[in-house]
Amino acid sequence: MFPDFLVIGGQKCGTSWLQDNLSRHPQVWLPPTKEVHYFDKGNDSLPKRLFGTTTRMKKARAHAAQEFRRWLAGGGASGLKWALTYWLARRDDQWYARLFPRQDGKITGEICPGYALMRGVEVDRVASLMPGVKVIYLLRNPVERSWSYAAQYFSSPRRKGHYGGADKVPEAILKEFLAEDAKGHSDYLNALEAWQGHFAADQMMVGYFDELESDPRGLFVRVLDFLDIDAGPASIPPSIGENRRASRGSKAPMDYRVFLARLHLDQLRALHDRLGSEWTKRWLDESRELTADARPSLAGPVS
């Protein structure tokens, strides 16, 4: 039926690292293709599923082709059946539920950063379908996250308006992009309000990219404990410390760091007041220093 847990984001905050390592855990089943995007993208017409050019549709076709080749080579049919269902079947609640097979001794989940952008009725729909689901939200200093995303966006040849790197983007265009991004994947506070308003405190876990950089094993164990599955040494992949630095490009130049700090300072005050972690305090202190903001921080209890 429906998954036992969701990882809703954030983007550029370590979700790929978490997907890689959770998929190796003997008690976890994840979809072979990351980011189903059912709740935020909904149904796609058959022509789009067959010929669509979005990354999601391309991945679905590629996965189906891979499973078809495996089946021709003598592999089982279950993987091909899942791939064809994911690619071609009409997307509705029953379709989504069929993507998560029940297996003895295993829990299922989906990792999709796009879900952190959902608000109101969209999150209410998740809660009505899966009232007992556990939710993990990974956060990162928005100054660092936003620049990492810009570096990726403006370096990708697939993106419209390709510049070959954030350092080659005209200042006005780049600042407009960063300002818009602040209303999206860096809008942690509104995302928390949307999801925490629908799920109990013990159903939600907030993790931090800083933990991933400093102690990936510790963060992974915290995730496993939250999901109530084995966190013993045998369940920790040897590669747990790999692929943990999701940044692309160099650190943001100082003028852009100051711009981003000013852009996010008010949210960081409110975020630290809400979460009160050592990491939100560090982000707030760094942004206050960058903006020479002399006002006292709203320091909640530091855990």
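Observations, loosely collected:
- Accessible area of Tyr163 in the full protein assembly, 1.4 Å probe (Å², nearest 10): 80 Å²
- Annotation for segment 183-227: trypsin sites (Lys or Arg not before Pro) lying in DSSP loop with at most 11 further Cβ atoms inside 10 Å of their Cβ are Lys183.
- Hull volume per residue, based on the alpha-carbon atoms of the chain and their convex hull, is 149 Å³.
- Base-10 log of normalised Debye intensity for segment 166-251 (one unit scatterer per alpha-carbon) at q = 0.18, 0.24, 0.25, 0.26 Å⁻¹: -0.99, -1.18, -1.21, -1.23
- FRET efficiency, Asp225 to Phe68 (Cβ-Cβ, R0 45 Å, nearest 0.05): 0.70
- Point-to-point label distance, Ala127-Glu242, nm (Cα→Cβ direction, 7 Å offset): 4.1 nm
- Placed amide H near Gly207: partners under 5 Å, 5+ positions off or other chain: Tyr137, Leu138, Leu139
- Share of carbon and sulfur in the accessible area of the chain stands at 52%, probe radius 1.4 Å.
- Sequence-separation-based contact order of the chain, relative, with Cα cut under 8 Å and 6+ spacing, percent: 24 percent
- Ordering Pro216, Tyr38, Ser148 by the projection of their Cα atoms onto the charge dipole of the chain, which places +1 on the Cβ of Lys and Arg and -1 on the Cβ of Asp and Glu, puts Tyr38 at the extreme positive end.
- Which listed pairs, of Lys106/Lys183; Lys12/Lys106; Lys58/Lys168; Lys41/Lys281, have C-alpha distances above 32 Å, in listed order: Lys106/Lys183; Lys41/Lys281
- Stretchable slack from Arg61 to Asp92, in nm (0.36 nm times residue separation minus alpha-carbon distance): 9.3 nm
- Using bins of 10 Å that start at zero, the share of Cα-Cα pairs per bin across segment 1-85 amounts to 14, 41, 38, 7, in whole %.
- The alpha carbon centroids of segment 29-108 and segment 112-181 are separated by 24 Å.
- The order of Glu289, Glu193, Glu213, Glu67 by accessible area, most exposed first and with a 1.4 Å probe, is Glu289, Glu193, Glu213, Glu67.
- Counting heavy atoms of the protein chains alone, Tyr149 has an accessible area of about 40 Å² for a 1.4 Å probe.
- Ordering Leu84, Ala116, Ser287 by Cα displacement along the dipole of the chain toward the positive end leaves Leu84 in first place; charges were set at the Cβ atoms of Lys, Arg (+1) and Asp, Glu (-1).
- Value at 222 nm in deg cm²/dmol, rounded to 500, when DSSP H runs of n ≥ 4 in the chain each add -39,500 (n - 2.57): -14500 deg cm²/dmol
- Most mobile of Thr108, Thr280, Thr53 in a GNM of the chain (Cα contacts under 10 Å): Thr53
The values are calculated or read from the model by the stated rules, or taken from the named source; none is laboratory data. Note that the structure is predicted; figures quoted are calculated from it, not measured. Note: ideal-geometry Cβ built from the backbone for every residue, glycine included; neighbour counts use all protein chains shown. Surface areas here come from the heavy atoms of the whole protein model, side chains and all, with no ligands, DNA or RNA. Shrake-Rupley method; radii C 1.70, N 1.55, O 1.52, S 1.80 Å.
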